[in-house]
Structures are given as C-alpha cells and as structure tokens.
1. So, Ala212, is that one at pLDDT below 80, within 23 Å of the chain's Cα centre (by Cα), under 26 Å from Ile247 (Cβ atoms) and buried (at least 18 other Cβ atoms within 10 Å of the Cβ) or not?
2. Which residues, taken from the stretch 240-266, are touching a residue at least 12 places away in the same chain (Cβ under 8 Å) and over 19 Å from the mean Cα position of the chain (by Cα)?
3. Select from the stretch 133-152 the residues that are open to solvent by 40 Å² or more (accessible area, probe 1.4 Å) and modelled with pLDDT of 85 or more and list them in ascending order.
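The values are calculated or read from the model by the stated rules, or taken from the named source; none is laboratory data. Predicted, not measured: the structure shown is a model, and the values here were computed from it. Note that each Cβ is placed from the backbone with ideal geometry, even for glycine, and that neighbours are counted across all protein chains shown. Each accessible area value is taken on the protein alone, full model and side chains, heavy atoms only, with ligands, DNA and RNA left out. Shrake-Rupley method; radii C 1.70, N 1.55, O 1.52, S 1.80 Å.
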Amino acid sequence: MHMNLSSRTPGLQWLALLALSLLFFVIFQAMRLPAALLLGPMAAAIAIAAAEGAIRVPVRPFILSQGVIGCLIAHSIEPSTLKEMVHDWPIFLMVIASVIFASNTLGWFLARWQVLPGTTAVWGSSPGAAAAMTLMAEAYGADIRLVAFMQYLRVVFVAVIASLVSRMWITGPAAAAPEFIWFPPLDWLGFGQTLILIIGGSWLAVRLRIPAGPMLVPMILGIILHNTGLMTIVLPPWMLAASYALIGWNIGSRFTRPILVHAARALPRVVASILTLITICGGIAALLVYFADIDPLTAYLATSPGGADSIAIIAASSDVDLPFVMAMQTARFLIVLVTGPAIARFIAKRTGLTGRNDL
C-alpha cells in the first residue's frame, strides 16, 4: 500500500514538500553530501510525485533561479583562473579533450545499449557542472529527470572518492569547517546589480528564445562585467538556497513511477559507467604527474569528472595548486558548454535514438 496525495489540496502538498525538503537537506548535510541544498528538495519532490502529488514550480521563479546559477558560475571564473588557462593551454587542451572523449564514448555505449535514450545518455555523461548540464540538457531535448539522476549520482561518487584520495595526502589535522552564515551583511550596490543582471538577462533570453538562455545569458554577461570590474556579483546564501530548491523541486516533480523504475533498472550500468570514467580520469591524472611534473593530488582533483563546487572545497583544504585545479575544471565546463549540443546531436543521430521517451 502506498501513500496517495492526489486527493490532498495544493496547500497541504506544498507543506509536505517543504517539510520533506528540510528533512532530506538535514540528512544529506549530516552525511556531507555535495549539493545538499539541491538534492534535498529534489528528493522531496520525487517523493511527492511518486505519491501522485500534482504541485508544480511556477515558470517564472524557475527561470530566475536559472539566472542565479548563471551568475554563480560567472562569479567563480576569476582573472587568475583565466590566466592559468592561457599559460598552460596545451596541457589543458589535451586533458580536457581526453576527458570529454572518454565521457562521450561512455554516453554512446549507454545509448547504443539502450540503457538510456540517446541525448539523455550523452548529457548525463557530460563532465560539466551538474546543475548547468541538467538545465542545458532539457533545452536540447534530453530527459531532464534521467540526466539529473546520472549527473548527481556522479557528483556523489566523485566527491566521496576525491575526499578519500585527498585524505591520503593530508598528514596534519583536517581544517575546521568555517561557520556558515545564512544572512551575512550585504553589498547592496552589488546585490542590486546582480538582481538586474538575473532579471534582465533571463528576460532577454526568453524573448530571444535562446536554448538554456536564462542560465547562459546572465552567465556570459556576468563573466564579462565581473572580470572587467564593471560590477560585483553578490549572491547571498539564502538566495542560492532558494534557487537550488526551486530547481530541485522542478526536476523532482517531473518524476513518475515508471521513470523511477527505469532509473532503478539502469542503476548498475550507470554506476559502472561512472566508476569507469573516474578510473579513466585517474589514468589521465597519472600521465599529468609523469609528463608534466604536477603533484599527484593536484592532477587527480583537476581531472575529476564533475562536481566542481565540491572539488573546490576539497582542494581548498588540501595542499594543492588551487588555481590549476579550478582552471582545469572551469575550462572543461566551458568547452562542454560550447560543444555539448553538437556532440549530443551527433551521437543521437549515429545511434538512431532521441533524447526523450514515453516514460
């Protein structure tokens, strides 16, 4: 016997969603899982959807939340990151091309074996920022539910394995986690400029019908304005939390029992592909150590496939070349962002499978 929420009022369903989101967030945070602010609400929305709930996130808040993610990415791309990319561009190009080739080959196999539909398998395997890849995937015809399933499962695997590897090199006591402040003092001018960028960029993207534009337009404009000193991007934790929750709810609410059954059936092979990609990236890191004289932990964290935010946290508390790690992660994300749609279409065409299905 299962719970059925279809007869409950929308108000009660939203109350249940909020309570479950908080519960899952606390559990995931206690487990130190990355992206708990997004995974908690997504898990809660999946639970409500599986119980035949019928609530949906309004379109406009969801669009604005994509703009927040775009600004978050723009804020993370500092001048030092760009300088590192230019300085070591041959190494970056070879490593990134190798990782992208490996991830897309695995995506091709998953599509070919019909574990997942064509473009869904490719976007799910893409080694970029999980939230960005998931939002991009929907804009280019993939099944956002299964892409999110693959992306965030890999984020968890990568974060856990990278944490274990980093501890092998740490001989001193682990750094204490900084105190988290939900409502810090605000730079009101920067915050106002950021709001204008989010609202204006998202509106422009919708008007021009740019695929994944509500995220991409604020991101591109933010990179330019932030790195030329024309504005300061200010994203308080409470706004990030609300945006992550909206995205998590939007994705989770689309799950149905058939799609959950399909995800469970695909789980063993998806996990196998994730572990294979992590192993391949470890091999690429070993080549960096041997040929480029980069220390092992720096090389491993730089080549880890995805979860750039969690990799940044691990790298910041380890004795590594942090600018190199973040430059490699950022450069790979930007290249995947540009090449992803064309690669997804190419593989879908070759396999004869589309990104969506009837689940």
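1. Yes.
2. Thr256, Arg257, Pro258, Ile259, Leu260, His262, Ala266, listed by residue number.
3. The first filter runs over the stretch 133-152 and keeps only residues open to solvent by 40 Å² or more (accessible area, probe 1.4 Å), leaving 138-140, 149.
Scanning the stretch 133-152 gives a single hit, Phe149.
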